[in-house]
Amino acid sequence: MDFHVLTLFPDMVRQGLNTSIIGRAIKDGHITLNTVNIRDFSINKHNRVDDYPYGGGAGMVIQAEPVYRAWESVAKNSKAIKQGKKPRCIYLTPQGKVFHQTMVEEFAQEEELIFLCGHYEGIDERVLEEVVTDYVSIGDYVLTGGELASMVMIDAISRFVPGVLNNEESAQFESMQDNLLEYPHYTRPESWHEKEVPKVLLTGDHNKIEAWRWEQSLIRTKERRPDLLEKNKSLKVAYFSPTGGTKKAAEM
Ligand code: SAM
């Protein structure tokens, strides 16, 4: 998977993603990260890329032309353009669809994604109309720029790129899978601050452990994110836990 990020702050994106699992994935070639500095495409002798908004009002707006040229520098070499298609270009914006796990899996099917990060008041609408294919928000709040949002998306999408997670990491059940939150985790020591690890986890009985985890997942989702259970109408049909976890959840 090739990620391109059009931004005024490329260092922020590179430094943010060059560590841990995503850093390893870049090093091992499972994903590529190409940051493009929009300022390099400035049409102003002082290298400015922003200007005052028409109609007045606070804040500055990023101009259309530098953004278009930055996009073009990537798009002209994209596989999509070679196939006569528009490359998938995501504008990070609080006005977009809110990012969620289904979108992660859908974007992960692409070979290449372009992320466009706004700053200040945003970007001239006319270039957005020309290059953007998807408007995505990472939540109902306003950030100072799209960089963190692009990093959130790249991190989440990369987890679905083959080879990025090693066997141990990818075999896990994770929160959001099937609209459930994950069960709680414990590691050594068995006793900490007079709190004991749940006995069932020490039995070595995999069926019992699986059933307990399943039940904890349901209880936790019910407590913390009941909206997810609402979405999962098929839960009662789709799952059957050996100790009756499903029955209990249905009663909750
Ligand atoms: N004036 C814009 C509005 O009200 O919709 C907000 C601009 S915001 C201060 C600057 C940039 O941060 C945006 O262009 C966008 O790229 C990014 N941004 C802010 N909040 C975001 C969010 N929730 N999700 C994704 N990107 C966001």
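Read-outs: derived from the displayed coordinates by stated rules, not from any lab. The structure displayed is predicted, hence computed values, not measured ones. So basically every Cβ, Gly included, is an ideal-geometry build from the backbone, and we count neighbours across all protein chains shown.
Could you give the angle, 0 to 90 degrees to the nearest 10, between helix 206-224's Cα long axis and the longest principal axis of the Cα atoms of the chain?
50
Taking amide H positions as placed 1.01 Å from N in the peptide plane, with prolines and chain starts having none, which residues 5 or more places from residue 182, or on another chain, fall under 5 Å of its amide H?
Here the answer is 175, 176, since their amide H atoms fall under 5 Å of that of residue 182.
Quick one: what are the phi-derived ³J(HN,Hα) couplings along segment 147-156, Karplus 6.51/-1.76/1.60 with θ = phi - 60°, whole Hz, x for glycine and proline?
Along segment 147-156, the couplings run 4, 4, 5, 5, 5, 4, 5, 5, 4, 5 Hz.
Per-residue HN-Hα couplings for segment 69-79, Karplus 6.51 cos²θ - 1.76 cosθ + 1.60 at θ = phi - 60°, whole Hz, x for Gly and Pro?
5, 4, 4, 4, 4, 8, 4, 4, 9, 6, 5
Highest first, please rank the peptides 145-153, 22-30 by the mean number of other Cβ atoms sitting within 10 Å of their residues.
My ranking of the peptides, most packed first, is 145-153, 22-30.
Please rank 128, 6, 113, fewest neighbouring Cβ atoms within 10 Å first, as an exposure proxy.
Lowest count first: 128, 113, 6.
Which residues' amide hydrogens lie under 5 Å from the amide hydrogen of residue 50, considering only partners 5 or more residues apart or on another chain, with H built in the peptide plane?
Long-range HN contacts for residue 50: 63.
By its C-alpha gyration tensor, with a ≥ b ≥ c as the square roots of the eigenvalues, how is segment 74-124 shaped: rounded for a/c under 1.5, else prolate for a/b larger than b/c, else oblate?
oblate
Once amide H atoms are built 1.01 Å from N in the peptide plane, which residues 5 or more positions from residue 36, or in another chain, come under 5 Å H to H?
Close amide H contacts, sequence-distant or interchain: 5, 6, 7.
Please state the shape class of the chain: rounded when a/c is under 1.5, otherwise prolate if a/b exceeds b/c and oblate if not, all from the C-alpha gyration tensor.
Details: a/c = 2.43, a/b = 2.17, b/c = 1.12.
In terms of gyration-tensor shape, prolate.
Once phi is turned into ³J(HN,Hα) by the Karplus curve 6.51 cos²θ - 1.76 cosθ + 1.60 with θ = phi - 60°, what whole-Hz value does each residue of segment 6-15 show in order, with x for glycine and proline?
8, 8, 8, 10, x, 4, 4, 6, 5, 5
Enumerate the lysines that residue 231 could reach by cross-link, defined here as Cα to Cα under 28 Å, with residues fewer than 8 away along the same chain left out.
97, 208, 222, 247, 248
Listed highest first by mean packing, meaning other Cβ atoms within 10 Å per residue, what order do 156-165, 193-202 come in?
Those peptides, ordered most packed to least, come out 156-165, 193-202.
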